[in-house]
Structure formats: structure tokens, C-alpha cells
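**Student:** Supplied in C-alpha cells, the structure appears directly below.
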Amino acid sequence: MLLVDDDCAVLLALGKYFSLADDIQIVSEARDGAEALIKLDCEPVDVVLADIYMPDLGGIELLRSLREMENPPAFVAMTAFDDDEIMLEVLALGGAGYIIKSDRPQEIIAAVRDVAKGGTNISPQALSRLVGYIPKTMNSAVCLSQSTISELYRCLTSVEKRILFHLCGGLSNSEIASAMHYSEITVKKHVSKLLSHFGVSSRLNLVVMIYHAKF
């Protein structure tokens, strides 16, 4: 992974976060998008985690440059200023993740893991807002009819339905665990089961599916 941020304190903090994840390696760091592109020429990576607001070449401009590469790395945007227009632009340009710097370290690590596996990860506090921008036609992407989704929903246990409700509210696993008085590991297992049950690869796809089914 390549970390890109003009704030040395942020790079230091992220380095400490990811030192806790044995399956994620920070290959290099850059202070802006221009330096990031130079580093990528020398050291290809699977994921780029980059700040949006940087001097010279910011995150959006970096993402546009990455799109011109033959095999671009997955891009995760991070920002201290949660902005719907920026979030939508990142996703429209093919960004695979959008996180807030104030998110919990576990959530930031999880975002990178999801993206590295080919998924999409949106900060919990932005996820519920995002659904309102997604056109109904996106529901076809999950290839399930409303009646099928409704039938799958009816097969859920009461606990699974409550967890799904919290997911649609944009809560993270730790927040759901606190609300339901469960361990975070238990919630994580239920979330994984829900993804498998509905045949989707990410929390975002699941939430979009449920919103459009209009239970």
C-alpha cells in the first residue's frame, strides 16, 4: 500500500494503525499526488490511500492520473472534511473507498482490507447519505428482484434483522456491538453471514439493495 498525505502527523498515525495489521504492508509514503506517481513508477502497489486536499496534486487529481494506468491500484480517499460532492466524485471516478480521518483505526484498516479484496468501503457516517444519491437502476446490479429480496429478508432471524437495520443506519460493527450489547466479533460474523445470504460482496451493496427493496 502507498500512503499519501502532506501531513507528517497523519502519516505517522496511519503507520501505527497499519502496524497492527499483519496482512497489510506499507510499501511507501508520499507527501502529495505528484510524488505518489513517481513512487508508483518505482514500486507498484495494490492500494493507494490518499488524502483529498493536498498542495500541488490533490487526491482527486491523483485518482484521475491513476485511471490512465494500465493496471491501476485500488484507490481509497481519506479526508478530514466529509463532503458529499467529493464522495460522489471519488466514486464516479472509480475510487473504491471513502473514509474519514476521524474513523476508528479498525474501520480504516477494514476499509483497506475490503478494497484490497476487490470490494468497496464507505465510511459508516457517509454510507447512509450515499444511498440517497444512488439511482434505482443500480438495484439491477445485484440481479435480484424485489420479491426475491423480500423472501430472503423474511428468512432472517430477529437478530439478523436488527443488525441489518443498524447497517442501513450507517453504524460500524463496533457501534452495532455497543447498541446490541454483543461482542464486535459476534457482529462481524453476523454481517458476513448477511452478505453471503443476500449474495453481495460489500456492506454498501447490501445497504443499497435493502433501501431499494423498500421494506
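**Student:** Select from region 9-26 the residues that are closer than 15 Å to VAL115 by Cβ and of a type in the set (D, E, K, R) and list them in ascending order.
**Tutor:** Once the filter is applied, which keeps residues that are closer than 15 Å to VAL115 by Cβ and of a type in the set (D, E, K, R), region 9-26 yields only ASP23.
**Student:** Looking at region 92-129, which of the residues that are under 11 Å from the mean Cα position of the chain (by Cα) and in a loop (DSSP other than H, G, I, E, B) is nearest to LEU171 (Cα to Cα)?
**Tutor:** Here the answer is SER123.
**Student:** Test each condition in (1) out of contact with any helix residue (DSSP H, G or I) (no Cβ under 6 Å at 6 or more places or on another chain); (2) surrounded by 16 or more Cβ atoms within 10 Å (Cβ to Cβ); (3) among the aromatic types (Phe, Trp, Tyr) for PHE81 and report the one that comes out false.
**Tutor:** Here PHE81 clears every test but (2).
**Student:** In region 111-129, how many are of a type in the set (Ser, Thr, Tyr) and in contact (Cβ under 8 Å) with a residue 60 or more places away in the chain?
**Tutor:** Our first condition is that a residue be of a type in the set (Ser, Thr, Tyr); within region 111-129, this holds for 120, 123, 128.
Of the ones still in play, those that are also in contact (Cβ under 8 Å) with a residue 60 or more places away in the chain are 120, 128.
Qualifying residue count for the region: 2.
**Student:** Does SER65 satisfy the criteria of being on the phi < 0 side of the Ramachandran plot, free of Cβ contacts under 8 Å to residues at least 12 places away in the same chain and surrounded by fewer than 17 Cβ atoms within 10 Å (Cβ to Cβ)? Talk me through it step by step, then tell me what you get.
**Tutor:** On the way: on the phi < 0 side of the Ramachandran plot: yes; free of Cβ contacts under 8 Å to residues at least 12 places away in the same chain: no; surrounded by fewer than 17 Cβ atoms within 10 Å (Cβ to Cβ): yes.
No: the conditions fail for SER65.
**Student:** I'd like the full set of residues that are open to solvent by 10 Å² or more (accessible area, probe 1.4 Å) and touching a residue at least 40 places away in the same chain (Cβ under 8 Å), limited to region 53-62.
**Tutor:** The answer is MET54, PRO55.
**Student:** Considering region 5-42 alone, what residues qualify as being closer than 18 Å to ILE60 by Cβ and open to solvent by 80 Å² or more (accessible area, probe 1.4 Å)?
**Tutor:** Answer for region 5-42, where residues must be closer than 18 Å to ILE60 by Cβ and open to solvent by 80 Å² or more (accessible area, probe 1.4 Å): just ARG31.
**Student:** Oh, and also: Looking at ALA13, ALA9, ALA34, ALA50 in this structure, which one is without any contact (Cβ under 8 Å) to a residue 60 or more places away in the chain, in contact with a strand residue (DSSP E or B) (Cβ under 6 Å, 6 or more places away or on another chain) and either in a loop (DSSP other than H, G, I, E, B) or not basic (Lys, Arg) (or both)? Give the derivation first.
**Tutor:** Working: ALA13 fails: in contact with a strand residue (DSSP E or B) (Cβ under 6 Å, 6 or more places away or on another chain); ALA9 fails: in contact with a strand residue (DSSP E or B) (Cβ under 6 Å, 6 or more places away or on another chain); ALA34 fails: in contact with a strand residue (DSSP E or B) (Cβ under 6 Å, 6 or more places away or on another chain).
Answer to the selection: ALA50.
**Student:** I need every pair where a residue in region 164-193 that is at positive phi has its Cβ under 6 Å from the Cβ of a residue that is part of a helix (DSSP H, G or I) and open to solvent by less than 20 Å² (accessible area, probe 1.4 Å), sequence separation at least 6 or different chains.
**Tutor:** Every condition considered, the pairs that remain are GLY170/LEU127.
**Student:** May I ask you to list the residues in region 185-206 that are open to solvent by 80 Å² or more (accessible area, probe 1.4 Å) and either among the aliphatic types (A, V, I, L, M) or more than 16 Å from the chain's Cα centre (by Cα) (or both)? Before you say what the answer is, go through the steps one by one.
**Tutor:** Of the residues in region 185-206, the ones open to solvent by 80 Å² or more (accessible area, probe 1.4 Å) are 185, 188-189, 193, 196, 201.
Result: ILE185, LYS189, LYS193, SER196.
The values are calculated or read from the model by the stated rules, or taken from the named source; none is laboratory data. The model shown is predicted, which means the values in this text are computed figures rather than measured ones. Backbone-built Cβ (ideal geometry, glycine too); neighbour counts: all protein chains shown. Calculation scope for accessible area: heavy atoms of the full protein, side chains included, ligands and nucleic acids excluded. Shrake-Rupley method; radii C 1.70, N 1.55, O 1.52, S 1.80 Å.
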